[in-house]
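Everything below concerns the one structure shown next.
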Amino acid sequence: MKRSFAASLAMAMALFALPALAEPVKVVATFTILGDMVRQIGGDEVAVTTLVGPDGDAHVYEPTPADARALGAAKLVVVNGLGMEGWIDRLVKASGYKGPVTVTSTGVKPIAGEEEHDEAGHEGHDHGHDHGAHDPHAWQSVANARIYADNILKGLVAAAPDKAATLRANHAAFKAKLDAVESEIKAALKPIPRKDRKIVTSHDAFGYYGKAYGVTFLAPVGMSTESEAAAGDIAKLIRQIKAEKIKAVFVENIADPRLLEQITRETGARIGGRVYSDALSAADGPAATYVDMMRHNLAQFTKALAPAS
Ligand SMILES: [Zn+2]
């Protein structure tokens, strides 16, 4: 019996496709929050390497030779943009990577950065980073995380068009999780009067969160952890915490807690706990995924803000 040409072709294609299906696409993400999003959308079709690990600070990261090798082997590199990874361009150049780079924050409406940083040249020579142009922490609003997810889907589909159907299904499932956690955030904050929603964190990482959900965040350090807190700023923050009777003070997983401990000693405020700003926890921690991070932070914030009754 003769096989039709179409059937033979289909068999031949299936034979070719098999080894390709078994091989996941190598993707490098700059830090854990992006790495998780790539994993959510890529599923088994991707093998993700994350450069800055759990609890790591992506603002001031020093890339390693292993990072350059990971980039050299990658089919796609996923970055935040908005000046978050001041070190990425040099690393890409050093690695010889010539492939596509997905900038997850593309299409986000950026919040302007602080234009201060003129503390009498206190910072010394700058390292060529354009920090201060925009607030890079756009992922802290779930609406922006949806944009991140769309950009990642686009990048993954371009890198692995044969896996588009799976990637699209995973993306839809991830967006459903984002919708759910966004509703939780809005519902949990609703009973707390707007004027009481004041929170102190280690550095200015929650600007997008604040804008999206009506919370005022204060911090002794600006939008990049590169700069140190100025004495005047600390004194001002202490006065503000006292005057406005702010109760919610949180250390961040990526930051040294000592400055905030000092501030709480001088104000009588208490450290409410630990929140996750720029990095996820390790896999066995409370914020191992983006969605878990948003849920954990929300629980911490609302616990501290809830009116004492
Ligand atoms: Zn940050």
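Could you check what % of the DSSP bridge pairs in the chain are antiparallel, to the nearest 5?
The answer is about 5 percent antiparallel.
With r as the distance between the Cβ atoms of A180 and D150 and R0 = 22 Å, compute the FRET efficiency 1/(1 + (r/R0)^6) and round to 0.05.
Plugging the Cβ-Cβ distance into 1/(1 + (r/R0)^6) gives 0.80.
Return one number: the angle in degrees, 0 to 90 and rounded to the nearest 10, between the long axis of the Cα atoms of helix 258-267 and the longest principal axis of the Cα atoms of the chain.
Relative to the chain, helix 258-267 is tipped by roughly 30 degrees.
Taking 0.36 nm per intervening residue step and subtracting the Cα-Cα distance, what contour gain separates T302 from I271 on full extension?
9.8 nm
Using only Cα atoms, tell me the angle between helix 142-159 and the longest principal axis of the chain; keep it within 0 to 90° and round to the nearest 10.
That helix lies at roughly 30 degrees to the long axis.
Looking at the chain as a GNM with Cα springs under 10 Å, which of S105, S277, S95 has the largest mean-square fluctuation?
It is S95.
Helix 32-42 versus the longest principal axis of the chain: what angle, 0 to 90°, nearest 10, using Cα atoms?
The helix 32-42 is inclined about 30 degrees to the chain.
Give me, ordered by chain and number, the residues 5 or more places off V25 or on other chains with an amide H under 5 Å from its own placed amide H.
Correct list: V46, A47.
Just going by the charge dipole of the stretch 188-305, with Lys and Arg at +1 and Asp and Glu at -1 on Cβ, which of Y290, A229, A248 is farthest out on the positive end?
Looking along the dipole axis, the top candidate is A248.
What nm value, rounded to one decimal, do you get for the distance between K109 and D284 when each label is placed 7 Å out toward the C-beta?
Going by the 7 Å Cα→Cβ label model, 4.4 nm.
Skipping prolines and chain starts, which residues have an amide H placed within reach, meaning under 5 Å, of the one on L76, given they are 5 or more residues away or on another chain?
Those lying under 5 Å, H to H, from L76 are V28.
Stretch R258-E23 to full length: gain in nm at 0.36 nm per residue minus the Cα-Cα span?
My answer for the length gained is 80.0 nm.
Which net charge results when you count Lys and Arg as +1 and Asp and Glu as -1 among the other residues whose beta-carbon is under 14 Å from that of G99?
Overall, the nearby charge balance is +4.
Identify the trypsin sites (Lys or Arg not before Pro) of the stretch 225-256 meeting these criteria: DSSP loop state and at most 13 other C-beta atoms within 10 Å of the C-beta.
Here the sparse-neighbourhood loop sites are K245.
State the number of lysine pairs found in the stretch 188-305 whose Cα atoms come within less than 19 Å, restricting to pairs 8 or more positions apart or on distinct chains.
Pairs that pass both the separation and distance tests number 19.
Filter the GluC sites (Glu not before Pro) in the stretch 166-273 down to the DSSP loop ones having no more than 16 other Cβ atoms within 10 Å, then list what survives.
Filter output for the stretch 166-273: E228, E244.
Between A231 and A164, with labels modelled 7 Å along Cα→Cβ, what's the label distance in nm to one decimal, could you check?
With each label placed 7 Å out from Cα toward Cβ, I get 6.2 nm.
Using a Gaussian network model of the chain whose springs link C-alpha atoms within less than 10 Å, name the residue from G285, G214, G83 with the highest mean-square fluctuation.
Between G285, G214, G83, it is G285 that shows the largest mean-square fluctuation.
Since every read-out is calculated from the coordinates, none of them should be taken as a lab result. What you see is a predicted model, and the numbers here were worked out from it, not measured in a lab. Neighbour counts are summed over all protein chains in view; Cβ atoms, including those assigned to glycine, are modelled from backbone coordinates with ideal geometry.
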